[in-house]
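To keep things clear, I will list the structure first and then write my remarks on it.
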Amino acid sequence: MNVANEVVEPIENLFNPASNEYLENPAPQFLALARRGRLVWYEPWQAWIMTRMPDIMDCWRTEYLSSDFYDWEFAPERPPEDKWSNYERAMIGHSLVADHGHHRMIRKVVSPAFSRNVVDEIQRRIKPDVVKLIDSLGDLESFDYIEKVANHIPFITISRMVGLPEKYWPEIKQVVLTFTEAWNPTISDERREAARQDSNRAIEILQRVIADRRANPGESDFLSVLLEIEEENESFSDWDIITLILALIGAGSDTTLIAQQWTLYALLKHPEQIEAALETPDTFSNAFSEVMRWSYASKMGFARYAPEDMEVLGQQVKKGQMVLLMPHLKDHDPEYYEDPERFDVKREFKPDVLFGYGPRYCIGAAMAKRQLYLTMVELFKRFPNLSLESEPVLDNSEHNAVVFRELLVRTGINK
């Protein structure tokens, strides 16, 4: 069919994550965007959107686009090396995000730090804190899960996982809350600088903790495993340890909070599937992929940047332009998933791309899923009759995700 003379409706009329229609049901907007083409220019975001899974997986696998935030045309100017603080030394000089070769090397040497045994040990370490947090709810008949539980889990998990002494927790808690703001150009210069200074203070603490742990070994936490790896690999340094921990903070704060609320909401909407979902860590791993597929949490996806003027999927992309990889566009597509509106914790994912694919597959995925599994298990053990008190009000103010303003639940303790 000849479409050269057809009037094509602007894509921003069909896809608008800021709209009320998106909050009510974004699936039609997902499909409209994906059907527009493999690579679509989206004016409101000044970015290209990559819509099809084979293309996204190829981009992840071959890494022909840059992951370096400073390659973005709208990024703050890259500071010269003589102006670097510790934050820039970590995020530029030893960036696991920007340098593809270094990233692959680090993944190879640190893989023992993410083994099943280490993840089991981390669960053992964080369990008492999670149990204490949930027990502190006492005999409440109802509560806001986000306020009382979800907001606290990322900090507890990261601190115990890394092995940070509790005396440093107040200062580290601040950077867990603000770290991702340090490279967010959409906020004020003052706010971004405050987050950068939070990160600098956190790095100073990490340097002290690393020095102390090296002088007094014996712990079985994530940091100790990394120090053992450092001893056996000349190319692996303290700065690599610091950037790995910062990466865990970045990935484990906002995303974990979002995952916490959507996971509980999905399970409470489908109580007949809770037992199957929480049977084992492995069954939960699969169930969590279904939670995030079924949810409408994702909005923008994964950012990449054109390192030079180049052709991408038949489109001329200019140096510095953002390319957003948006795998969630497939999540409610009946051509990709059978009966996509049905929630099924036993649904098969082949491949499972929730945490990326290829060399950019999230190395901390197992840890993230394990702390979610532990929280859900302990929550339903404490409150086996837990239910939704009301449908949560969706909050569309986050630039990268749809979240809940609150998630009110009833404990059922008086039943």
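The values are calculated or read from the model by the stated rules, or taken from the named source; none is laboratory data. Only a predicted model underlies this, so the values are computations on that prediction, with no experimental measurement involved. We place every Cβ from the backbone using ideal geometry, glycine too, and count neighbours over all the protein chains shown.
A few points about this structure:
- Subset tally (residues that are part of a strand (DSSP E or B), in contact with a strand residue (DSSP E or B) (Cβ under 7 Å, 6 or more places away or on another chain) and not hydrophobic (A, V, I, L, M, F, W, C)) for region 312-336: 1
- Any chance Asp309 is under 30 Å from Pro384 (Cβ atoms), free of Cβ contacts under 8 Å to residues at least 24 places away in the same chain and surrounded by fewer than 19 Cβ atoms within 10 Å (Cβ to Cβ): no
- Residue, nearest to Asn414 (Cα to Cα), within region 124-143, restricted to residues that are among the aliphatic types (A, V, I, L, M) and not in a helix (DSSP H, G or I): Leu140
- Unmet requirement for Ala303, which otherwise passes all of (1) outside any helix (DSSP H, G or I); (2) surrounded by 18 or more Cβ atoms within 10 Å (Cβ to Cβ); (3) aliphatic (A, V, I, L, M): (2)
Yes/no per residue for (1) in a helix (DSSP H, G or I); (2) touching a residue at least 60 places away in the same chain (Cβ under 8 Å); (3) farther than 23 Å from Asn151 by Cβ:
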{"site": "Val175", "(1), (2), (3)": "yes, yes, no"}
{"site": "Ala211", "(1), (2), (3)": "yes, no, yes"}
{"site": "Pro217", "(1), (2), (3)": "no, no, yes"}
{"site": "Leu226", "(1), (2), (3)": "yes, yes, yes"}
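- Taken together, Ala150, Ala182, Ala195 contain a single residue that is buried (at least 17 other Cβ atoms within 10 Å of the Cβ), within 24 Å of Ser237 (Cβ to Cβ) and in contact with a helix residue (DSSP H, G or I) (Cβ under 6 Å, 6 or more places away or on another chain), which is Ala182.
- For region 279-300, the set of residues classified as outside any helix (DSSP H, G or I) and of a type in the set (S, T, N, Q) consists of Thr280, Ser295, Ser298, listed by residue number.
- Whichever residue in region 99-134 is over 20 Å from Leu206 (Cβ atoms) and among the aliphatic types (A, V, I, L, M) and, among such residues, is modelled with the lowest pLDDT: Met105
- Test: residue in region 337-359 that is over 28 Å from Asn25 (Cβ atoms), of a type outside the set (Gly, Ala, Ser), touching a residue at least 24 places away in the same chain (Cβ under 8 Å) and surrounded by fewer than 17 Cβ atoms within 10 Å (Cβ to Cβ): yes
- Verdict on Ala276 being at pLDDT 85 or above and surrounded by fewer than 18 Cβ atoms within 10 Å (Cβ to Cβ): yes
- Some residue of region 373-391 being under 25 Å from Lys299 (Cβ atoms) and part of a loop (DSSP other than H, G, I, E, B): yes
- Qualifying positions in region 372-407 - under 30 Å from Ile187 (Cα atoms), of a type outside the set (D, E, K, R) and in contact (Cβ under 8 Å) with a residue 12 or more places away in the chain: Leu372, Pro392, Val393, Leu394, Asn396, His399, Asn400, Ala401, Val402, Val403, Phe404, Leu407
- Being surrounded by 13 or more Cβ atoms within 10 Å (Cβ to Cβ) and either free of Cβ contacts under 8 Å to residues at least 12 places away in the same chain or under 19 Å from Leu313 (Cβ atoms) (or both) is a property that holds for Arg52.
- Residue count for region 295-321, restricted to those that are modelled with pLDDT of 95 or more and of a type in the set (A, V, I, L, M, F, W, C): 5
- None of Glu234, Glu190 is over 19 Å from Glu171 (Cβ atoms), part of a helix (DSSP H, G or I), at pLDDT 80 or above and not aliphatic (A, V, I, L, M) except Glu190.
- Qualifying residue in region 60-71 (condition: surrounded by 14 or more Cβ atoms within 10 Å (Cβ to Cβ), modelled with pLDDT under 85 and among the hydrophobic types (A, V, I, L, M, F, W, C)): yes
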